Amino acid sequence: MAFTNLNFAFGSKLTSTQLNQIQGNFDALAQQQTGAPAMDGINEAYVTFFSNAKAQLITGKNVTSVTFAGDTVHSTYLINWSKTFSSTNYCTNFQAVSKDGRIGRNFNVNNSTKDTSSMTVYARLSDEGNTQGTNPQQMFVMAWESR
């Protein structure tokens with residue numbers, strides 16, 4: 001369904017058809033369909049994967065693969081996007097989860113290299129007073145760019 005400009009009188013009761021049109025507009029906006037308002041804050045690509053010394057894809061958008069290249073202490077992951085970004089200046093956000101759910105862990109997650117169709121992510125977590133790190137259990141990486 002394409003984005004449709006809608007108008008309602010203040011205080012009017014909306015019909016199921018009108019509510020369906022509103023839902024269609026939300027879908028068109030989220031899918032960035034032609035005619036929908038442009039939103040810079042919508043992600044272009046994301047990936048969630050198990051990261052405990054492997055790279056098992058859970059879910060993603062515009063991602064072709066995630067490859068593990070590390071050891072039990074230092075995690076490095078190569079993420080290949082199926083969407084080609086217009087430059088290497090696209091933004092990224094990282095999140096990680098520890099395998100035992102301990103609070104107070106230090107997470108070090110960063111991007112070491114990036115091009116328009118892939119990026120390398122480094123992840124490591126450690127406890128206070130312990131310099132020996134470990135791999136996170138699960139990671140989420142999101143990417144977007146301004147239009």
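The values are calculated or read from the model by the stated rules, or taken from the named source; none is laboratory data. Computed from a prediction, not measured in an experiment: that's the story for all the values here. In this analysis, Cβ positions are derived from the backbone assuming ideal geometry, glycine residues included, and neighbour counts consider all displayed protein chains.
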Original post:
Can you name the condition, by its number, that T59 falls short on among (1) surrounded by fewer than 11 Cβ atoms within 10 Å (Cβ to Cβ); (2) outside the structural domain of F94 (by TED's automatic domain parsing)?
Top reply: (2)
Original post:
In segment 10-19, what count of residues is obtained for those that are outside any loop (DSSP other than H, G, I, E, B) and surrounded by 11 or more Cβ atoms within 10 Å (Cβ to Cβ)?
Top reply: 1
**OP:** May I ask you to verify whether R124 is over 19 Å from the mean Cα position of the chain (by Cα), over 17 Å from S146 (Cα atoms) and either modelled with pLDDT under 80 or β-branched (V, I, T) (or both)?
**Re:** no
Subject >> Unmet criterion (only one of (1) surrounded by fewer than 18 Cβ atoms within 10 Å (Cβ to Cβ); (2) over 24 Å from N5 (Cα atoms)) for F49 >> reply: (1)
Subject >> Yes/no for Q32 being outside the structural domain of A123 (by TED's automatic domain parsing) and more than 18 Å from the chain's Cα centre (by Cα) >> reply: no
**OP:** Please report, ordered by residue number, the strands (runs of 3 or more DSSP E) entirely within segment 26-71 with at least 1 residues that are farther than 23 Å from S87 by Cα and touching a residue at least 40 places away in the same chain (Cβ under 8 Å).
**Re:** 45-50, 56-61
Original post:
What tally of residues in segment 66-91 results from selecting those that are among the β-branched types (V, I, T), modelled with pLDDT under 90 and in contact with a Phe, Trp or Tyr (Cβ under 7 Å, 6 or more places away or on another chain)?
Top reply: 1
**OP:** Assess whether K83 counts as being within 19 Å of the chain's Cα centre (by Cα), assigned to a loop (DSSP other than H, G, I, E, B), farther than 16 Å from M142 by Cα and assigned by TED's automatic domain parsing to the domain that holds Q137.
**Re:** no
